[in-house]
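Following: one structure in structure tokens, then a few remarks.
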Amino acid sequence: MKIAFFDAKQYDKPCFEEYGEKAGVKFKFFETKLNEDTVKLANGYDGVCVFVNDDVTAPVIDKLCEFGIKFVALRCAGYNNVDLKYACGKLKVFHVPAYSPYAVAEHAMALLLTSVRRIHKAYNRTKDFNFALSGLTGFDLYGKTVGVVGTGKIGKIFINICNGFGMKVLAYDKFPDNSLNCEYVSLERLYGESDIISFHCPLTSETYHILGNDTVHLLKKGVVIINTSRGALIDADVLLEAIKSRIVGAACLDVYEEEEDIFFEDNSGHIMADDTLARLLSMPNVIVTSHQAFLTREALNNIAQTTVDNIVNWVDRSDCTNELCYKERKCNCGN
């Protein structure tokens, strides 16, 4: 079984080679992302393995089918970069629904603590032997209200972390989990009452720009925004204006709407062409990390193991519990 592995990084290879060797799956690692220009590299392989910024839209799917590719194995949970409707009946799509929800939830809290306690500023100062405390005043998390948008696996863990800090938790989700120590409320109330808002929902047509022109006016003045989910949940231009107008007090972003050609790469020797991101990065109350919330040893191991298991289960039994299917209409994929 030969798999074309796109957007490969050095940290991907050890785990995938280990689990692949055990299962008889051979990965060919390509540093380039999958798109219309690079899809030809998949010719001669049995399947492709892709990540969050690879392009699996209709033209790419057509080419994959032309090459006899039978499946796309996502090594991530999100699949907004895949045209599932078009893929239906043409090829199978698998994902990794949960690799380490603790990694992402803990990173969200790390960003929050760094922001509100000015850790990033203190770190830079003390490297220059500047031990002054002016401008480093933060605030207690205890007693603050945090709004959590999305209470799936990651959202639940983040809620539990917030409970440990003694925070009041408001939550919004289409499918409430009443076992959680939080209060489910409308999105409008969550936006209006939360001192901190953290996004943990998938990107869909319903959640696209869930924080944007239509909702930014609902925010409590000075709110801290955290996004470790998908960049397009937040309209970056609207966020920028909200920070400039002091509606948003701080932003902690591990994802960005137009990150595709920027994140995961060393751009330190280049001019930043994205003006919005450049402005955000220039602000002292904005912290940006490069989609690294998932990046722990445990998560990388789980991603590799689950991805290989997905491939083997489908090849051996034509069955995979982590298969994705376009369910908004009756389809002919058998699911």
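Values as computed for the structure displayed
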read-out: Selected residue (criterion: nearest to Ala77 (Cα to Cα)) from residues of the stretch 25-51 that are without any contact (Cβ under 8 Å) to a residue 60 or more places away in the chain and among the small types (Gly, Ala, Ser); value: Ala42
read-out: Residue in the stretch 254-274 that is at pLDDT 95 or above and closer than 18 Å to Met109 by Cβ present; value: yes
read-out: Hey, Leu253 out of contact with any helix residue (DSSP H, G or I) (no Cβ under 9 Å at 6 or more places or on another chain), crowded, with 22+ Cβ neighbours inside 10 Å, under 30 Å from Ala73 (Cα atoms) and aliphatic (A, V, I, L, M) or not; value: no
read-out: Tabulated pairs, the stretch 52-73, first over 21 Å from Val308 (Cα atoms), second assigned to a helix (DSSP H, G or I) and of a type in the set (Val, Ile, Thr), C-beta under 7 angstrom, 6+ apart or interchain; value: Val60/Val39; Lys63/Val39
read-out: Residue that is modelled with the highest pLDDT, among those in the stretch 310-321 that are touching a helix residue (DSSP H, G or I) at 6+ places or on another chain (Cβ under 8 Å) and open to solvent by 30 Å² or more (accessible area, probe 1.4 Å); value: Val312
read-out: Candidate set: the stretch 145-201, residues that are free of Cβ contacts under 8 Å to residues at least 40 places away in the same chain, in contact with a strand residue (DSSP E or B) (Cβ under 6 Å, 6 or more places away or on another chain) and hydroxyl-bearing (Ser, Thr, Tyr); chosen: the one farthest from Asn227 (Cα to Cα); value: Tyr184
read-out: Number of the condition not met by Ala73 [criteria: (1) in contact with a His (Cβ under 9 Å, 6 or more places away or on another chain); (2) open to solvent by 10 Å² or more (accessible area, probe 1.4 Å); (3) part of a strand (DSSP E or B)]; value: (2)
read-out: Those strands (runs of 3 or more DSSP E) lying entirely in the stretch 177-279 with at least 2 residues of a type outside the set (A, V, I, L, M); value: 196-199, 248-253
read-out: Residue ID - least open to solvent (accessible area, probe 1.4 Å), chosen from residues in the stretch 208-234 that are farther than 26 Å from Arg117 by Cα and out of contact with any Ser or Thr (no Cβ under 9 Å at 6 or more places or on another chain); value: Gly212
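The values are calculated or read from the model by the stated rules, or taken from the named source; none is laboratory data. Computed from a predicted model, the values in this text were never measured in an experiment. Because the Cβ atoms are built from the backbone with ideal geometry, glycine has one as well, and the counts that use them run over all protein chains shown. In case anyone asks, the SASA skips ligands and DNA or RNA and just uses the protein heavy atoms, side chains included. Shrake-Rupley method; radii C 1.70, N 1.55, O 1.52, S 1.80 Å.
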